[in-house]
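Worksheet for the structure shown next.
The values are calculated or read from the model by the stated rules, or taken from the named source; none is laboratory data. The structure presented is a predicted model; accordingly, all values stated were derived computationally and were not measured. For neighbour counting, all protein chains shown are included, and Cβ atoms are generated from backbone atoms with ideal geometry for every residue, glycine included. Just the protein is used for accessible areas: all its heavy atoms, side chains included, with ligands, DNA and RNA removed. Shrake-Rupley method; radii C 1.70, N 1.55, O 1.52, S 1.80 Å.
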Amino acid sequence: MDWITCTQSFICVVDHGSLAQAATKLHTSSSALSKRLSWLERQLGVQLLKRTTRSLSMTDAGDLFYHRAKTWVDDWQQLVSETTSTFGEVSGVLRIGAPLVTGNRFLVNFIAEFLEIYPKIKVELTTLTPGQLPDLNLDVVISRELEYFNSASYIAAKLFDFQPGFFAAPAYLERHPPITAPEQLTQHNILLYGNSHQPQERVFEDGTRLQLSGNFVSPNPEALVSAAVIGMGIILGGAGTVQKEIDQGLLVPVLPALKQPRLSAYAYYPKLEYNHTKTKLFIDFIKQKVKGLYV
């Protein structure tokens with residue numbers, strides 16, 4: 001018996017809600033798990049679980065131990081993984097956080113290629129709200145530049161710059177007179193990000209200010225891109241967001257010289273005592289992939 005094995009077993013039992021399911025997950029027997037739990041309770045001098053033939057629940061002590069132990073075990077596994085990665089083949093779980101549009105339209109294809117290069121790494125991709133601050137439970141957050149992130153706890157690595165512009169389906173443009181001046185966009189159906197049909201003011205690099213409005217708004221970037229592709233209106237976004245649609249001829253630039261001020265995308269990762277081997281490999285990989293693609 002040892003602390004780590006018994007603690008991991010306790011966490012697995014709680015997560016699965018029964019000894020039998022946890023035993024299957026851990027490739028052992030229910031009786032072996034029961035012995036580990038009993039050993040853990042003896043060492044702690046408290047009861048962690050209330051067990052009957054039909055149910056299993058945590059005591060107050062068990063609840064406290066579970067939450068603290070889960071964090072500790074995660075940190076321990078990460079430390080082992082990082083140490084192994086430093087002196088051997090890279091492995092372990094890489095936890096990535098990103099807003100929906102970044103995860104779905106930017107990261108997924110790159111993650112697939114990254115995993116082909118490092119087959120022993122596993123990726124967990126978590127969707128964040130735009131502007132959400134980094135979470136210590138994540139190894140790295142890919143986001144637009146965050147103004148208020150905790151620089152004492154996190155490292156910020158710049159990935160690339162981008163400038164949002166306008167894009168539309170050829171079919172939409174064929175149904176309307178040619179757009180030759182920025183002010184004409186105010187007369188078009190603009191597909192806007194958000195939850196309100198109130199006009200949205202946008203400022204552009206050359207100082208132009210436009211009040212944009214339309215009949216379709218959504219906080220889901222995928223819905224906006226799909227709406228643009230079928231010709232519902234004009235979308236405002238980064239070229240990287242709709243690169244696949246541009247390559248396929250489904251969307252084309254509208255007034256390509258009219259762009260919003262330059263923005264930056266960053267990778268944020270926590271300052272920890274151990275190496276960030278997987279994280280740094282991933283960041284370096286992304287930098288290499290986007291080099292020259294985004295401006």
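When you look at residue 174, is it among the acidic types (Asp, Glu), modelled with pLDDT of 90 or more and either open to solvent by less than 40 Å² (accessible area, probe 1.4 Å) or touching a strand residue (DSSP E or B) at 6+ places or on another chain (Cβ under 7 Å) (or both), yes or no? It is false that residue 174 is among the acidic types (Asp, Glu), modelled with pLDDT of 90 or more and either open to solvent by less than 40 Å² (accessible area, probe 1.4 Å) or touching a strand residue (DSSP E or B) at 6+ places or on another chain (Cβ under 7 Å) (or both). Counting the residues of segment 142-159 that are outside any strand (DSSP E or B) and within 18 Å of the chain's Cα centre (by Cα) gives 3.
Restricted to segment 84-95, and to residues there that are over 10 Å from the mean Cα position of the chain (by Cα) and within 22 Å of residue 137 (Cα to Cα), the residue that is modelled with the highest pLDDT is 94. Filter segment 44-62 down to the residues that are surrounded by fewer than 11 Cβ atoms within 10 Å (Cβ to Cβ) and under 20 Å from residue 21 (Cβ atoms), then identify the one that is modelled with the lowest pLDDT. Among them, the one singled out is 53. Scanning segment 236-250 for residues that are part of a helix (DSSP H, G or I) and either surrounded by fewer than 15 Cβ atoms within 10 Å (Cβ to Cβ) or acidic (Asp, Glu) (or both) returns 244, 245, 247. Considering segment 96-116, and only residues there that are under 24 Å from residue 219 (Cα atoms) and open to solvent by 40 Å² or more (accessible area, probe 1.4 Å), the residue that is nearest to the chain's Cα centre (by Cα) turns out to be 100. Taking segment 193-246 as the range and being of a type in the set (Lys, Arg) and under 25 Å from the mean Cα position of the chain (by Cα) as the test, only 244 passes.
Only residues that are open to solvent by 30 Å² or more (accessible area, probe 1.4 Å) and assigned to a loop (DSSP other than H, G, I, E, B) were counted in segment 199-222, giving 10. Going residue by residue through segment 26-43, is there one that turns out to be assigned to a helix (DSSP H, G or I), open to solvent by 60 Å² or more (accessible area, probe 1.4 Å) and in contact with a helix residue (DSSP H, G or I) (Cβ under 8 Å, 6 or more places away or on another chain)? There is at least one residue in segment 26-43 that is assigned to a helix (DSSP H, G or I), open to solvent by 60 Å² or more (accessible area, probe 1.4 Å) and in contact with a helix residue (DSSP H, G or I) (Cβ under 8 Å, 6 or more places away or on another chain).
Please determine whether any residue of segment 277-286 is of a type in the set (Lys, Arg) and either under 16 Å from residue 102 (Cα atoms) or touching a Leu at 6+ places or on another chain (Cβ under 9 Å) (or both). Yes, the conditions are met somewhere in segment 277-286. Would you check if residue 183 is under 27 Å from residue 262 (Cβ atoms), in contact with a strand residue (DSSP E or B) (Cβ under 6 Å, 6 or more places away or on another chain) and open to solvent by 80 Å² or more (accessible area, probe 1.4 Å)? Criteria not met by residue 183. Evaluating residue 131 against the criteria (1) touching a Phe, Trp or Tyr at 6+ places or on another chain (Cβ under 7 Å); (2) in a loop (DSSP other than H, G, I, E, B) leaves one unmet condition, (1). For segment 201-239, residues that are of a type in the set (Ser, Thr, Tyr) and farther than 17 Å from residue 168 by Cβ total 1. Scanning segment 223-235 for residues that are open to solvent by 40 Å² or more (accessible area, probe 1.4 Å) and either β-branched (Val, Ile, Thr) or touching a residue at least 40 places away in the same chain (Cβ under 8 Å) (or both) yields 229, 230, 232. Listed by first and then second residue, the pairs linking a residue in segment 157-180 that is farther than 13 Å from residue 242 by Cα to a residue that is open to solvent by 50 Å² or more (accessible area, probe 1.4 Å) and part of a loop (DSSP other than H, G, I, E, B), with Cβ atoms under 7 Å apart and 6 or more places separating them unless they lie on different chains, are 161/262; 161/295. Just one of the numbered conditions (1) part of a strand (DSSP E or B); (2) open to solvent by 90 Å² or more (accessible area, probe 1.4 Å); (3) under 30 Å from residue 280 (Cα atoms); (4) of a type in the set (S, T, N, Q) is not true of residue 126: (2).
Of 133, 107, 146, 125, all but one fail to be modelled with pLDDT under 85 and among the aliphatic types (A, V, I, L, M); the exception is 133.
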